[in-house]
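Could you have a look at this structure, given as structure tokens, before my questions?
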Amino acid sequence: MADILKLAKTVDDAAKDARAIPQLSAKEKITVEEGYAIQSAAFSRRLARGETQVGIKMGFTSRAKMIQMGIDDMIWGRLSDGMLVEDGDEIDIKNYVHPRAEPEIAFLLGAPLPYACTAAEAMAAVDAVAPAIEIIDSRYKNFKFSLADVVADNSSSSGYVVGSWSSPGPDLSNLGMILEINGRPTQIGSSAAILGHPARSLAAAARIAAAAGEPLQEGWIIMAGGATAAEALRPGITVRNSVQELGFAGFSVKG
Ligand code: 0L1
Ligand code: MG
């Protein structure tokens, strides 16, 4: 059986020090269940350093992402306040291993969602929605990992940017989403790519989090998952996700 605390320290140190490590499963077999135990223990190390959990992210919720990474299971990870990149801020690539950006939609919960529910019930708990970007940064060399490895590594989550919140009025089923690098569209998709409707991802988040014994809480942010493949970041670029009806979120990378 895997030494959960030791492996949690390995992935947490790699994330903290922005250092690439070999995939954990190269040395010993780990199950997906153990991957989640490692993720939980690694996240506890962040909490012990003073960070607070503010939500969760859903991953592999679009076909484009599954195809890009060769994995076909949905996964989730935890978000802390320390991972927030303010909308319009600049990041330093030195703090990451090989970061990529994904255009997403974020939900802000106005009520807890402590059980498995339908997409419509999930939307009833939503206070606001926003255009968002997830900065993923697998700590594994060459982005090479098994499903259990990526789960252990907080499902590659490294940062998130959230644009202005709007009340959840617009129909979210098929909103155009454009990821721009330096003003040029590099990924074009639709919110429909997120499990057919981002609210389905939210309902899946409620079910998964409740089953994990960590139900979704009022005030939490849920990142619904990428609508397109991810784009690699490099120094000097500006990244923006424009979502029809919702506006945009963005950040730049120090040159
Ligand atoms: O969709 C996701 O956010 C999954 C990210 C994990 C895989 C990756 O590093 O691309
Ligand atoms: Mg994502």
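Read-outs throughout are calculated quantities, based only on the coordinates presented, and are distinct from any laboratory measurement. Bear in mind the structure is a predicted one, so any value in this text is a computation, not a measurement. Quick reminder, even Gly has a Cβ in these numbers, built from the backbone with ideal geometry, and neighbours come from all protein chains shown.
Could you pull out the GluC sites (Glu not before Pro) across the range 167-255 that fall in loop regions by DSSP (anything but H, G, I, E, B) with no more than 16 other Cβ atoms inside 10 Å? Can you show the working numbers first?
Working: sites: E180, E218, E231, E245; in loops: E218, E245.
When the GluC sites (Glu not before Pro) of the range 167-255 are filtered for loop state and at most 16 Cβ neighbours within 10 Å, E218, E245 remain.
State, in angstrom, two size descriptors of the chain derived from its alpha carbons: Rg to one decimal place and Dmax to the nearest whole number.
Using the Cα atoms of the chain, the pair Rg, Dmax is 16.8, 49 Å.
So which GluC sites (Glu not before Pro) in the range 14-60 are both in a DSSP loop and have at most 13 other Cβ atoms within 10 Å of their Cβ?
E28
Related question: Fully extended, how many nm does the chain gain between D72 and S164 (0.36 nm per residue separation, minus their Cα-Cα distance)?
On the way: separation 92, 0.36 × 92 = 33.12 nm, distance 3.15 nm.
30.0 nm is the gain from fully extending D72 to S164.
Past 18 Å, Cα to Cα: identify those pairs from K144/K254; K6/K94; K16/K141; K65/K144; K57/K254; K27/K144, in the order given. Intermediate results must be reported in sequence, preceding the final value.
Working: K144/K254 26 Å; K6/K94 25 Å; K16/K141 15 Å; K65/K144 14 Å; K57/K254 25 Å; K27/K144 14 Å.
Where the Cα-Cα span goes over 18 Å, the pairs concerned are K144/K254; K6/K94; K57/K254.
Treating the beta-carbon of each Lys and Arg as +1 and of each Asp and Glu as -1, no other charges, what is the dipole magnitude of the range 180-253 about its Cα centre, to the nearest 20 debye? Don't skip to the answer; put the middle values down first.
Details: 5 positive and 5 negative charges, 38 e Å.
Magnitude of the dipole: close to 180 debye.
Give me W76, W165 sorted ascending by neighbouring Cβ count inside 10 Å, so fewest comes first.
Details: W76 26, W165 17.
Fewest to most other Cβ atoms nearby, the residues stand as W165, W76.
Work from the charge dipole of the range 104-145 (Cβ charges, +1 for Lys and Arg, -1 for Asp and Glu, about the Cα centre) and give the residue of A132, L113, F143 farthest towards its positive end.
F143
In 10 Å bins starting at zero, report the fraction of Cα pairs in the range 1-113 per bin as a rounded %.
P(r) over the range 1-113, rounded to whole percents: 11, 36, 42, 10, 0.
Moving on to the next point. Note down the magnitude of the dipole of the range 36-138 about its Cα centre, charges +1 on Lys and Arg C-beta and -1 on Asp and Glu C-beta and zero elsewhere, to the nearest 20 debye. It would help to have the intermediate numbers written out before the result.
Working: 9 positive and 15 negative charges, 89 e Å.
Magnitude of the dipole: close to 420 debye.
With no solvent and one equal point scatterer placed on each C-alpha of the range 66-121, evaluate the Debye formula and give log10 I(q)/I(0) for q = 0.15 Å⁻¹, two decimals.
The Debye formula, applied to the Cα set alone, gives -0.78.
Could you work out the relative contact order of the chain? I mean the mean sequence separation of Cα pairs under 8 Å and 6+ apart, divided by the number of residues, in percent.
It rounds to 28 percent for the chain.
What ranking do T238, T10 get, fewest neighbouring Cβ atoms within 10 angstrom at the top?
Numbers: T238 14, T10 20.
Lowest count first: T238, T10.
Net charge around S44, counting only other residues with Cβ within less than 13 Å of its Cβ (Lys, Arg = +1; Asp, Glu = -1)? Present the calculation step by step, with values, prior to reporting the outcome.
Details: positive: K9, R45, R46, R49, R78; negative: D12, E51, E214.
Charge balance near S44 sits at +2.
Using the Cα centre as the reference, give the magnitude of the dipole from point charges on the C-beta atoms of the chain (Lys, Arg: +1; Asp, Glu: -1; all else neutral), rounded to the nearest 20 debye. If you can, show how the numbers build up before the last one.
Values: 24 positive and 30 negative charges, 156 e Å.
Charge dipole of the chain: 740 debye, to the nearest 20.
Then there is this: With θ set to phi - 60°, apply the Karplus curve 6.51 cos²θ - 1.76 cosθ + 1.60 along the range 142-159 and write out the HN-Hα couplings as whole Hz, x wherever there is a Gly or Pro.
These are the phi-based 3J(HN,Hα) values: 6, 6, 9, 7, 8, 4, 5, 4, 5, 4, 4, 8, 6, 6, 6, 5, 10, x Hz.
Please report, in cubic angstrom per residue, the volume enclosed by the convex hull of the alpha-carbon atoms of the range 138-223. Walk me through the numbers before you get to the answer.
Details: hull volume 13.0 nm³, N = 86.
Hull volume normalised by residue count: 151 Å³.
Sticking with this one: Can you give the relative contact order of the range 195-255 as a percent, counting alpha carbon pairs under 8 Å and 6+ residues apart?
Values: 43 pairs, mean separation 14.2, N = 61.
The value is 23 percent.
Once phi is turned into ³J(HN,Hα) by the Karplus curve 6.51 cos²θ - 1.76 cosθ + 1.60 with θ = phi - 60°, what whole-Hz value does each residue of the range 217-230 show in order, with x for glycine and proline?
So the Karplus estimates, Gly and Pro as x, are 10, 3, x, 6, 9, 10, 8, 6, x, x, 8, 9, 5, 8 Hz.
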